[in-house]
Structures are given as structure tokens and as C-alpha cells.
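Input: a single structure, listed below in C-alpha cells.
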Amino acid sequence: MSKINSKTEKRQRRHRRVRAKIQGTLAKPRLCVFRSNKAMYAQLVDDSKGVTLASASSLSIKNKKMMEKAIAVGEQIAKEAKDKKISKVVFDRGGYVYTGRIKALADAARSAGLIF
């Protein structure tokens with residue numbers, strides 16, 4: 001087994017553990033985060049209907065470092081949530097460790113007005 005596959009499998013196992021405990025509703029959707037080497041993605045998901053309510057990504061952000069992109073995505077998803085009159089969310093870290101870019105995105109979303 002290669003190192004990359006085992007790393008991905010470990011993250012997916014952690015993500016399944018997290019998802020077993022949390023669920024988003026229309027009143028309190030799930031803020032799920034995906035981190036790749038090139039970009040950050042965030043979505044607000046209503047799991048009861050299986051619908052994405054809002055999304056944000058760092059694909060359109062140019063000439064910034066990854067931490068700055070993560071902060072921008074956090075602010076962007078909070079702005080979209082406010083436009084849809086959503087203030088409370090459940091945070092789904094996607095199996096990633098709560099440090100670095102994941103923490104920066106979460107802190108930016110909190111400072112922009114989301115409660116979790």
C-alpha cells in the first residue's frame with residue numbers, strides 16, 4: 001500500500017466517524033470543508049433533503065497564499081449564509097485535523113457572523 005492511499009484512507013475513516021455524529025438541517029445546516037493541494041472548498045448542506053444551500057471556493061482567488069485563500073473562503077461562505085438568513089451551522093471538518101487552513105477558514109467564518 002502506498003503512502004498516499006493510506007493517508008487518504010485514514011482521512012476518509014476519520015470523516016466517516018465525524019459524519020456519524022453530525023447532521024445538518026434546514027435551520028442548522030452542515031458547513032463541510034474540503035481541502036486539496038490547490039484549493040479550499042466550503043458548502044452549506046441540508047442533509048434532511050440532500051441539498052447544497054450555498055458554496056464557496058478559492059478557485060477564483062488569485063495571487064494569495066493558501067492561508068489567505070482559506071480566510072477568504074470562510075468569509076465568503078459566511079456572507080452567502082447571511083444572504084440566505086442562516087446564522088447557526090454545524091461544522092464538518094471533513095476528517096482533517098483542526099489546524100492550519102481548516103482552523104483559519106472556521107475562524108474567518110465565525111468572525112464574519114456564523115455561530116458554531
Just one of the numbered conditions (1) surrounded by 13 or more Cβ atoms within 10 Å (Cβ to Cβ); (2) in a helix (DSSP H, G or I) is not true of Arg17; which one? (1)
Single unsatisfied condition, Phe34 versus (1) open to solvent by less than 80 Å² (accessible area, probe 1.4 Å); (2) touching a Gly at 6+ places or on another chain (Cβ under 7 Å); (3) within 23 Å of Arg17 (Cα to Cα): (1)
Against the conditions (1) at pLDDT 90 or above; (2) open to solvent by less than 70 Å² (accessible area, probe 1.4 Å); (3) out of contact with any Leu (no Cβ under 9 Å at 6 or more places or on another chain), where does Lys28 fall short? Just the number, please. (2)
Positions within region 45-72 being under 14 Å from Val89 (Cβ atoms) and crowded, with 23+ Cβ neighbours inside 10 Å, in sequence order: Ala56
If you go through region 10-33 one residue at a time, how many are within 13 Å of Gly50 (Cα to Cα) and of a type in the set (Lys, Arg)? 1
Flag if Ala42 is within 16 Å of Arg101 (Cα to Cα) and either open to solvent by 90 Å² or more (accessible area, probe 1.4 Å) or in a helix (DSSP H, G or I) (or both): no
Search region 92-105 for residues being without any contact (Cβ under 8 Å) to a residue 40 or more places away in the chain and not in a loop (DSSP other than H, G, I, E, B), and hand back the single one that is least open to solvent (accessible area, probe 1.4 Å). Ala104
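The values are calculated or read from the model by the stated rules, or taken from the named source; none is laboratory data. Here the structure is a predicted model, which is why all the values come from computation and not from measurement. Reconstructed Cβ throughout: ideal geometry from the backbone, glycine too, with neighbour counts over all protein chains shown. In case anyone asks, the SASA skips ligands and DNA or RNA and just uses the protein heavy atoms, side chains included. Shrake-Rupley method; radii C 1.70, N 1.55, O 1.52, S 1.80 Å.
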